[in-house]
1. Specify the residue that is nearest to the chain's Cα centre (by Cα); the eligible residues are those in the stretch 200-220 that are without any contact (Cβ under 8 Å) to a residue 12 or more places away in the chain and open to solvent by 50 Å² or more (accessible area, probe 1.4 Å).
2. Are any of the residues in the stretch 97-105 surrounded by fewer than 18 Cβ atoms within 10 Å (Cβ to Cβ), within 17 Å of Val71 (Cα to Cα), charged (D, E, K, R) and at pLDDT below 90?
3. Kindly evaluate Asp174 against the criterion of being closer than 24 Å to Ile129 by Cα, charged (D, E, K, R) and surrounded by fewer than 19 Cβ atoms within 10 Å (Cβ to Cβ).
4. From the list Ala106, Ala110, Ala83, Ala79, exactly one residue is in contact with an Asp or Glu (Cβ under 8 Å, 6 or more places away or on another chain) and within 22 Å of Ala189 (Cα to Cα). Which is it?
5. Of all residues in the stretch 211-252, which are touching a Pro at 6+ places or on another chain (Cβ under 8 Å) and in a loop (DSSP other than H, G, I, E, B)?
6. Return the residue satisfying two criteria in turn: it lies in the stretch 26-46 and is farther than 13 Å from Glu6 by Cβ and not in a strand (DSSP E or B), and of such residues it is least open to solvent (accessible area, probe 1.4 Å).
7. Tally the residues that are outside any helix (DSSP H, G or I), aliphatic (A, V, I, L, M) and either open to solvent by 30 Å² or more (accessible area, probe 1.4 Å) or at positive phi (or both), restricting the search to the stretch 133-162.
8. So Ala49 fits all but one of (1) open to solvent by 30 Å² or more (accessible area, probe 1.4 Å); (2) part of a strand (DSSP E or B); (3) of a type in the set (A, V, I, L, M); (4) within 20 Å of Arg105 (Cα to Cα); what number is the exception?
Amino acid sequence: MKVAFETRGPVDEPYLKLNEEQILGMTLRPGSMEIGSRRSGLHRITFDAGLMGLCPPRSEYWVGTCDMTHVTMTISDEALMAAADDGGSRIELRLERELVDPRLRALATAVDVERTAGFPSGRLFLDSIEQALARALVVGYAVRDYRVRVYRGGLSPAKLRKIEELVREKMEEDLSLQEMARTVGLSTAHFSQVFRNTTGQTPHQCVLRYRVQRAKEMLGSAEMRVLDVAIACGFKTQQHFARVFRQMCGASPTEYRYESLR
């Protein structure tokens, strides 16, 4: 999933906007924009922060003067097809210019928080969010009714061990959902569901748990700096490491080290 931040302002002349990809956008502050299907038929939309818009591929519209700041998310065809139980055919979504959907808004807000922080959670977090967005879009905004694909059952102990070995081997790397799924021979959508069926956690949550466990072991030594521990455990910044560690352990890494070395 590609994420972008955009600010639009006054223009000299209305222009034609053509979308080549599946784009979901969310406004980040109150504003307005002129929009219409014809250059001569623009109308002004006034909106609060959190209003969303869905622009499918090959959708086009005219845009005039705007006062808009928004975040956009490009949802891949692969994610949409994986979400639908329809034999892998391409999923067509409706054009929605004034979309109010609490679930989509919550997911988009999580993406924007991640973007603002510099994407510290890496590809696995965005992969998971894209899957959740794809499922919600297929159910609510497809041009025809689709059933969402549901995978039953779970992962065998052997496959869980393979995932654990992969995470431990590549602790410092930016793992993707595709790489984890490929390790056990499953599609990303199939892997995500059966992994959660088995562990009660998303793959992203599980990877964070492994990283924090490794960090706890390393913090038992007074020789490594907290920053070095964070990097060795796959965290991009010390701030992100400290936040995740406190959420899981109830103490900062420094506090945990102090108590463990007493």
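1. It comes out as Gln205.
2. yes
3. Criteria met by Asp174.
4. Step by step, each of Ala106, Ala110, Ala83, Ala79 is checked, and only Ala79 is in contact with an Asp or Glu (Cβ under 8 Å, 6 or more places away or on another chain) and within 22 Å of Ala189 (Cα to Cα).
5. Across the stretch 211-252, the qualifying residues are Phe235, Lys236, Thr237.
6. Here the residue is Gly41.
7. Within the stretch 133-162, residues that are outside any helix (DSSP H, G or I), aliphatic (A, V, I, L, M) and either open to solvent by 30 Å² or more (accessible area, probe 1.4 Å) or at positive phi (or both) number 3.
8. Among (1) open to solvent by 30 Å² or more (accessible area, probe 1.4 Å); (2) part of a strand (DSSP E or B); (3) of a type in the set (A, V, I, L, M); (4) within 20 Å of Arg105 (Cα to Cα), the lone unmet condition for Ala49 is (2).
The values are calculated or read from the model by the stated rules, or taken from the named source; none is laboratory data. Remember, predicted model here, so these are calculated numbers, not experimental data. Here Cβ is always computed from backbone atoms with ideal geometry, including for glycine, and neighbour counts include all displayed protein chains. With ligands, DNA and RNA removed, areas are computed over all heavy atoms of the protein, side chains included. Shrake-Rupley method; radii C 1.70, N 1.55, O 1.52, S 1.80 Å.
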